[in-house]
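Here's the structure we're looking at; comments come further down.
Throughout, read-outs are computed from the coordinates displayed, never taken from laboratory work. Fair warning: this is a prediction, and the values are worked out from it, not measured in the lab. Please note: Cβ atoms are built from the backbone with ideal geometry, for glycine as well, and neighbour counts cover all protein chains shown.
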Amino acid sequence: MPIRELSPHLINQIAAGEVIERPASVVKELLENSLDAGARTIWLDVEQGGVKRIKIRDDGTGIPKDELKLALSRHATSKINSLDDLEQVRSLGFRGEALPSIASVSRLQLTSTADQNGSGWRYEINAGEAGDVQPHPHPHGTTIDVADLFYNIPARRKFLRTERTEYSHIEQLVRRLALSHFDTAFELRHNQRQSMRLPAAESAEAMTQRVAEVCGKAFIEQSIFFDESNAGLRLWGWIAQPGFSRSQADMQYFYVNGRAVRDKLVIHAVRQAYQDVLYHGRQPAYVLNLELDPRLVDVNAHPAKTEVRFRETRLVHDYVFRTLQRVIAELRPGEQTAPSEFSDKLKLDQLFEQKNVNLPIPGYPTAFEQRSSVSVKEQLAGYAAMAEAAAGLSPAAEAGLLPPLGFALAQLHGIYILAQNAAGMVLVDMHAAHERITYERLKTGYDAADLKVQPLLVPLQLNVSVREAERVEQEQTLLAELGLQLDRSGPEKITLRALPAILKNDNAETLVRDVMADLVTHGESTKIEEARNEILSTMACHGSVRANRSLTIPEMNTLLRDMERTERSGQCNHGRPTWLQFSIEQLDKLFLRGR
């Protein structure tokens, strides 16, 4: 065929194939327009999963009469005007493709009022055929009514799923947008029945309540809120404790300047932050917001705008990873009060002989192996003081002076430690807890020491890509910090001459290739640290107190106090929980008390 220009209608249908995948895609584009218009309340009505009808009304700024036709023209927008605007996009939508694309595959009515007198105007398009602008009463704001989606493209309708499936995508989309625009109220109706109503959240309590309504009450109960800023970046939101993990990645909400994204860089950074505490095969849950200068992020990287590009990829990755890693590390019993304060307030040194936990590491005391030197008389005094502090909790508990994990009462089957705190009963897996304590001290001892490098008797030559070989030349300082002596010995060849001594028995070739893959993809690598930690974890596991090891009350209390001082003490090295809290209310329910 000869070269010729496509018709505007066909161009819009091609664009619709990129942007409009299903009814939820229409809802996404229209909701983003309402949010960009400053809407404080959005009403969404859906029929038959959005295939028959999608109607969205908002109380935003509205569209003047003389701009209604222009709003449905291709590449017409009020959000950018120059290349400078495109490089610092602050709005959710900016291409001007959504409305004409939707209108080309549906029957669309656009009604809007830009003033307060209620004299609105309506403009209607059926499958690309435009009508005239007609007067129509309408409150301040805009209503867009999309009917019979894909009615003129039967082949596209065949790819749609059941009504329930299509509606579930719409519902999930509304939830996702609601978690990034707390100051906007959302109301969703399906087949004339209200299915969701989220009031505007303008306070911290209201924001927390919205997160609970979207993600569930259990998520809020098992999560922590944080707000960190550094180097021109701000990361804030809610992250679930490692114990609240999921089998699927269905509760992961990440926003960049208010835009919901699924970015591989961010997902890798979050996963890396959880690597030391998450049980294998499980997925973390979070609601996170990253704010940065719009000039540092390119949002024009994907037709549906679900992916972004960061100008400083290494900076963003490292910031997200380090921030979350620090927040997760601080998730320990008694966050509200430093464990070190309890000894002075309760004078625990008079109750127990507080010795360090047995740690089979050079330079660490081994209290478990030495056994406690507390005399029988002192032990009996400890039991009495403990019983007085635990059973008659009143002045101490009311003052909030008891340790978070309380005091040990007994050892169950040589495996668990039973303790009592102000909230109720605590059950501790002593091996898992001691394993985490040992592991963290091993890591601290290794980090504090000089990195020992093991030269290879016979240097190892590897064939790599040109890009990886160039990366070796560029990253000599970083490679040296990792303990790797790598040289470029050819256009597509590198030579390994030394590696960390602790990894001398590992597969050096696999390790180097993994490191290079990370450097090329993410700009940094944690493979060395992961391999080192795996060895230290094995050492900690073999060196920790075993099951059926009889412990004295002072030793058990020493373990509890060390748990309160240790980072990530809520999980062992393999991601299993180390302790559980049972409240008095939970125990009462088990025994039907008060019924």
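For every other residue with a beta carbon closer than 13 angstrom to the beta carbon of Gly38, add +1 if it is Lys or Arg and -1 if Asp or Glu, then tell me the sum. Show your work: numbers first, answer last.
On the way: positive: Arg40, Lys79, Arg90; negative: Glu32, Asp36, Asp58, Asp59, Asp183.
Here the charged neighbours net out to -2.
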TODO: Find the centroid of the Cα atoms in segment 462-505 and in segment 56-81, then give the distance between the two in whole Å.
DONE: 55
- [ ] Give me the distance in nm between label points sitting 7 Å out from Cα along the Cα-to-Cβ direction at Asn126 and Trp236, one decimal.
- [x] 5.0
TODO: Mind pulling the angle between the C-alpha long axis of helix 376-391 and the longest principal axis of the chain? Nearest 10 degrees, somewhere in 0 to 90.
DONE: 30
- [ ] Take every Cα pair under 8 Å in the chain that's 6+ residues apart, average their separations, divide by the length, and report that relative contact order as a whole percent.
- [x] 12
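About the Cα centre, and with charges only on the beta carbon of Lys, Arg (+1) and Asp, Glu (-1), how big is the dipole of segment 8-191? Nearest 20 debye, please. Walk me through the numbers before you get to the answer.
Values: 23 positive and 26 negative charges, 132 e Å.
Once rounded to the nearest 20, the dipole reads 640 debye.
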Task: Check: segment 146-242 dipole with +1 on Lys, Arg Cβ and -1 on Asp, Glu Cβ, in debye - done: 640
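Over segment 204-329, what relative contact order in percent results from Cα pairs under 8 Å that are six or more residues apart?
Values: 184 pairs, mean separation 33.6, N = 126.
Once divided by the residue count of segment 204-329, the mean separation gives 27 percent.
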Open item on the list: Please state the shape class of segment 30-132: rounded when a/c is under 1.5, otherwise prolate if a/b exceeds b/c and oblate if not, all from the C-alpha gyration tensor.
Closed with: rounded
- [ ] Please give, to one decimal in nm, the separation of the simple spin-label points placed at Arg262 and Arg282, each 7 Å out from Cα toward the Cβ.
- [x] 2.4
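So between Ser78 and Thr495, what do we pick up on full extension, going 0.36 nm a residue minus the alpha carbon distance?
144.5 nm
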Open item on the list: Using a 7 Å offset from the Cα along the Cα-to-Cβ direction at both Glu473 and Asp588, what is the distance between the two label points in nm, to one decimal?
Closed with: 7.3
Task: Residue-count net charge about Trp121 - beta-carbon cut-off 13 Å; Lys, Arg +1, Asp, Glu -1 - done: -2
Task: Alpha-carbon centroids, segment 250-279 and segment 164-199: separation in whole Å - done: 23
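Compute the longest continuous run of the chain that contains no exposed chymotrypsin sites (Phe, Trp or Tyr not before Pro); treat a site as exposed when its DSSP state is not H, G, I, E or B and it has at most 13 other Cβ atoms within 10 Å.
Numbers: sites that count: Phe159, Phe591.
For chymotrypsin sites (Phe, Trp or Tyr not before Pro) (loop position, at most 13 other Cβ atoms within 10 Å), the longest site-free span of the chain is 160-590.
Based on the alpha-carbon gyration tensor of segment 8-191 and its eigenvalue square roots a ≥ b ≥ c, which shape applies: rounded if a/c is under 1.5, prolate if not and a/b is larger than b/c, or oblate?
rounded
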Task: For segment 532-591, with +1 on Lys and Arg beta carbons and -1 on Asp and Glu, the positive-most of His574, Met556, His542 along the dipole - done: His542
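Grab the DSSP H runs of the chain that are 4 residues or longer, score each as -39,500 (n - 2.57), total them, divide by all residues and round the 222 nm result to the nearest 500 deg cm²/dmol. Show your work: numbers first, answer last.
Numbers: 23 runs with 227 residues, N = 595.
Value at 222 nm, helices only: -11000 deg cm²/dmol.
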- [ ] Label the chain by shape, choosing from rounded, prolate and oblate, from the square roots a ≥ b ≥ c of the eigenvalues of the Cα gyration tensor; if a/c is under 1.5 it is rounded, and otherwise prolate applies when a/b is larger than b/c, oblate when it is not.
- [x] oblate
Task: Rg in Å to one decimal, and Dmax rounded to a whole Å, for segment 204-329 via C-alpha atoms - done: 14.1, 38
Task: Centroid-to-centroid separation of segment 543-581 and segment 90-161 [C-alpha atoms, Å] - done: 62
Task: Greater than 32 Å apart at Cα, pairs in Lys217/Lys443; Lys52/Lys264; Lys217/Lys264 - done: Lys217/Lys443; Lys52/Lys264
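GluC sites (Glu not before Pro), restricted to segment 5-97: which are DSSP loop and have at most 11 other Cβ atoms within 10 Å? Working shown, then result.
Working: sites: Glu5, Glu18, Glu21, Glu29, Glu32, Glu47, Glu67, Glu87, Glu97; in loops: Glu5, Glu21, Glu87, Glu97.
Here the GluC sites (Glu not before Pro) that fit, given the DSSP loop and packing criteria, are Glu5.
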